[in-house]
């Protein structure tokens, strides 16, 4: 795959799946811009990426920072949004409604904000890729609202594919993936959890950020795919 002369913007590109996507896009020849809310994390990510990748501090809760981003980038060929806060169990019966509303703030409304600002800057045959999650299809205890948020993103993908055509809009639905979001769990407990979750997949493994990034690049490259949710979960959704 070649992304030479393509401009790729990865919102949330300073860690995890976004960072892996930025690295693979740069390796394919794209001009890449990444974002983070944290200037220190952004600097560290840029130091690990190929020369020529640049970065902008963006908080999806602050529309002015998104406007600054699109002014900086100019025409965008591919916009990828992986930004999102870590989600802790939030049972509906005991979690304040304001806290439940917050589960939509970055992942859903942040994506809407980014698309709204970027739409006028997208190349006519460009693409947008949003990120949901298998929690939207198979929720666990305490995840009803987070599950609804993931499902809402997938509905947004389909609606935007119609509304923004011929710009292509797709989503990636990751399963369990090793990213820094899990780092708050002590190492031995984290490894045991990953072993348990891996046993629930058909491949016997949890995912890597690089595997999700490969899905993002596929959706950038294949210009006959739009309105589609690409599940990358090791077969967890169809496992018994």
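Readers should treat all values here as calculations from the given coordinates under stated rules, not as data from a laboratory. Quick caveat, the model's predicted, so the values are computed rather than measured. Don't worry about glycine lacking a Cβ; one is built from the backbone with ideal geometry, like all the others, and counts go over all protein chains shown.
Here are a few things to note about the model shown:
- Centroid-to-centroid separation of the range 116-142 and the range 188-202 [C-alpha atoms, Å]: 27 Å
- Tensor-based shape of the range 1-107 (alpha-carbon gyration tensor, a/c under 1.5 rounded, otherwise prolate or oblate): prolate
- Length added when fully stretched, residue 205-residue 86, from 0.36 nm per residue minus Cα-Cα: 40.7 nm
- Estimated 222 nm signal from helices in the chain, with DSSP H stretches of n ≥ 4 weighted -39500 (n - 2.57), rounded to 500: -12000 deg cm²/dmol
- Note on the range 184-237: semi-axes of the ellipsoid equivalent to its C-alpha gyration tensor, largest first and rounded to whole Å, are 28, 13, 8.
- Packing here is the average count of other Cβ atoms within 10 Å per residue, and on that basis the peptides 166-173, 127-134, 105-112, highest first, run 127-134, 166-173, 105-112.
- Overall form of the chain per C-alpha gyration tensor (a/c, 1.5; a/b vs b/c): rounded
- Between the range 51-103 and the range 204-226, the alpha-carbon center distance in angstrom: 20 Å
- Gaussian network model of the chain, Cα within-10 Å springs - most flexible of 192, 119, 213: 192
- Structure remark: mean-square fluctuation, Gaussian network model of the chain, C-alpha springs under 10 Å; the largest value among 203, 95, 68 belongs to 95.
- If you plug the beta carbon distance of residue 162 and residue 123 into 1/(1 + (r/R0)^6) with R0 = 25 Å, you get a FRET efficiency near 0.85.
- The chain: angle of helix 16-27 to the longest principal axis, Cα-based, in degrees nearest 10: 30 degrees
- Kirkwood Rh and Cα Rg combined as Rg over Rh, evaluated for the range 113-240: 1.01
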